Amino acid sequence: MSNSVNKLRVLFVDDEAAIREVMRIELPRMGHDVTICEDGQSALIALDKITFDAAIVDLRMPGLSGWDVVDHINKVSPETEVIISTGHGSIDEAIQAIRRGAYDFLPKPCKLIDIATVLQKVADKRSLQNKNYALESRLKSVEGPCQIVGETPPMMRVKKLIEKIAPTDSTALILGETGTGKELVARRVHDLSTRASMPFVPVNCGALPENLVESELFGHRKGAFTGADTPRKGLIEIANGGTLFLDELGELDKTMQVKLLRFLESGEVRRVGDSETFHVDVRIVCATNRDLKEMVTEGTFREDLYFRVNTFEINLPALRERKGDIPEISRVLLKRHLKKDSIPLDILSPDTIEILQEYDWKGNVRELANALEHAVILWDGVQIQVGDLPSNLTRHSSIPMSSGSTAVNWTEGMEGKTLRDIEMEVIYHVLDTHDGDKPKCAAELGIALKTLYNKLNQYQTRAAG
């Protein structure tokens with residue numbers, strides 16, 4: 001990782017020319033980008049164009065005072081950490097500075113070591129905030145432990161490739177059908193890299209609202225557009241020092257493809273509404289279940305972006321191509337469903353294992369997880385039998401169901417449910433029919449893919465509340 005993780009965009013405001021010249025030289029030596037202003041008015045102009053991480057402001061200046069600058073910072077960029085610097089310092093001024101939201105107070109003449117120390121504290125605080133944001137995002141998106149299960153030849157090839165590319169900073173493109181565990185592989189690449197202690201930020205490109213994609217990825221300053229009531233860090237900035245995982249990459253439109261390519265080539269980010277860029281150090285891992293080569297031929301995906309993200313290609317096998325791993329995967333999934341660290345080795349009956357290995361699993365591991373969740377609900381607590389599995393698994397099987405089994409019809413039990421509940425029953429039924437393939441589900445329902453994502457997100461939020 002480069003030192004850009006600790007690099008800050010610093011505004012330095014002081015009316016003394018000698019001090020400004022020293023800071024013009026010394027702040028870049030400390031590893032920071034600096035904008036120097038000689039008075040409060042020029043500082044306000046800079047603040048209206050650029051979002052700063054920290055501002056070192058002299059209180060006593062002709063014209064607009066340092067307090068005017070501080071008030072403007074609190075208005076347009078409340079995330080900027082303010083450091084008050086004055087030769088007329090007093091306890092009362094220090095207290096007032098803290099009350100106005102200042103991060104620290106330095107009496108003049110300031111020692112370079114003191115400035116370096118306080119800026120390092122700001123950088124550490126920003127890094128911790130990014131980790132917290134990333135952790136929240138990761139917890140919301142994680143579907144299971146970061147464990148790649150499987151000892152069949154196809155999976156052993158995947159594991160070896162992960163071990164080879166993880167220590168590098170090269171971009172990687174993970175290809176595979178829906179439900180094969182592409183995010184799991186991306187997280188494993190991150191965990192085995194030198195960036196493991198830094199944020200891992202997953203982004204579902206297909207779920208981002210079209211009018212907010214740029215803001216979500218690159219961030220925005222306060223007032224950049226209607227509804228931007230507060231400044232916001234972009235997901236790329238939050239991932240600084242770590243790994244950004246762009247899932248469903250093929251869903252980005254051509255405009256965002258250009259902006260993503262520009263970032264990949266330069267490492268520079270410009271928040272929406274800002275006039276200047278800043279550098280971040282992020283490793284990019286992408287994934288898609290779409291054929292990007294075909295999209296390049298069709299003209300819907302940029303060829304230069306395809307080559308840029310495809311330094312290494314990881315092809316995940318479908319579950320039907322590694323059926324020997326199904327018993328072990330099933331036990332891992334059952335531990336998750338039952339919230340237990342260990343379960344009996346024979347929790348699945350031999351006939352149940354045979355059914356699971358016989359089935360085609362078009363929805364891959366995700367479909368297997370859903371089937372086992374269904375089985376756990378019907379399970380008698382002793383051993384999971386064939387009759388506990390969803391009927392679509394057993395319908396065409398040569399293995400007989402046990403006499404005590406129960407077939408579940410998705411249309412049953414609608415009494416007393418709201419229209420929204422019934423709508424979601426239908427959506428989940430169609431989604432299950434297409435093995436979790438959201439584009440196919442949206443096409444059958446006759447709605448836009450974005451609408452499908454919105455309905456799923458709304459329902460999950462409502463259920464969580």
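The values are calculated or read from the model by the stated rules, or taken from the named source; none is laboratory data. These numbers were taken from a predicted model, which means no experiment stands behind them. Please note: Cβ atoms are built from the backbone with ideal geometry, for glycine as well, and neighbour counts cover all protein chains shown.
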Is it the case that some residue within the stretch 220-241 is assigned to a strand (DSSP E or B), in contact (Cβ under 8 Å) with a residue 40 or more places away in the chain, touching a Gly at 6+ places or on another chain (Cβ under 8 Å) and in the same structural domain as Phe301 (by TED's automatic domain parsing)?
yes
Quick one: is Val285 buried (at least 18 other Cβ atoms within 10 Å of the Cβ) and over 15 Å from the mean Cα position of the chain (by Cα)?
no
Take the residues of the stretch 318-359 that are modelled with pLDDT of 90 or more and assigned to a loop (DSSP other than H, G, I, E, B): which is nearest to Ile377 (Cα to Cα)?
Ile347
Quick check, is Gly273 more than 16 Å from Ala207 (Cβ to Cβ) and out of contact with any Pro (no Cβ under 8 Å at 6 or more places or on another chain)?
yes
Mind checking whether some residue in the stretch 153-176 is in the same structural domain as Arg195 (by TED's automatic domain parsing), modelled with pLDDT under 75, hydrophobic (A, V, I, L, M, F, W, C) and surrounded by 13 or more Cβ atoms within 10 Å (Cβ to Cβ)?
no
What about Thr243, is it at pLDDT 90 or above, in contact with a His (Cβ under 6 Å, 6 or more places away or on another chain) and under 30 Å from Leu319 (Cβ atoms)?
yes
Return yes or no: is Val201 in a helix (DSSP H, G or I) and touching a residue at least 24 places away in the same chain (Cβ under 8 Å)?
no
Restricting attention to the stretch 290-307, report how many residues are farther than 21 Å from Pro439 by Cα, free of Cβ contacts under 8 Å to residues at least 24 places away in the same chain and among the acidic types (Asp, Glu).
1
Hey, any hits in the stretch 313-322 for a residue that's without any contact (Cβ under 8 Å) to a residue 24 or more places away in the chain and buried (at least 22 other Cβ atoms within 10 Å of the Cβ)?
no
How many residues are out of contact with any helix residue (DSSP H, G or I) (no Cβ under 6 Å at 6 or more places or on another chain) and crowded, with 16+ Cβ neighbours inside 10 Å if we restrict to the stretch 303-312?
1
Output the strands (runs of 3 or more DSSP E) that fall wholly within the stretch 1-91 and possess 3 or more residues being surrounded by fewer than 22 Cβ atoms within 10 Å (Cβ to Cβ) and in contact (Cβ under 8 Å) with a residue 24 or more places away in the chain, or say none.
33-37
Can you pull out the helices (runs of 4 or more DSSP H) entirely within the stretch 379-465 that have at least 2 residues that are modelled with pLDDT of 60 or more and of a type in the set (S, T, N, Q)?
391-394, 449-464
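For every residue, the table says whether it meets (1) in contact (Cβ under 8 Å) with a residue 60 or more places away in the chain; (2) within 24 Å of Gly436 (Cα to Cα); (3) buried (at least 18 other Cβ atoms within 10 Å of the Cβ).
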| position | (1), (2), (3) |
| --- | --- |
| Gly324 | yes, yes, no |
| Lys339 | no, yes, no |
| Ile343 | no, no, no |
| Asp346 | no, no, no |
| Ile353 | no, yes, no |
| Gln357 | no, yes, no |
| Lys362 | yes, yes, no |
| Val365 | yes, yes, yes |
| Glu373 | no, yes, no |
Those residues of the stretch 85-127 which are within 27 Å of Gly234 (Cβ to Cβ) and modelled with pLDDT of 80 or more amount to Ala102, Tyr103, Asp104, Val118, Leu119, Gln120, Lys121, Val122, Ala123, Asp124, Lys125, Arg126
Scanning the stretch 177-229 for residues that are in contact with a strand residue (DSSP E or B) (Cβ under 7 Å, 6 or more places away or on another chain) and among the β-branched types (Val, Ile, Thr), which turns out surrounded by the fewest Cβ atoms within 10 Å (Cβ to Cβ)?
Val203
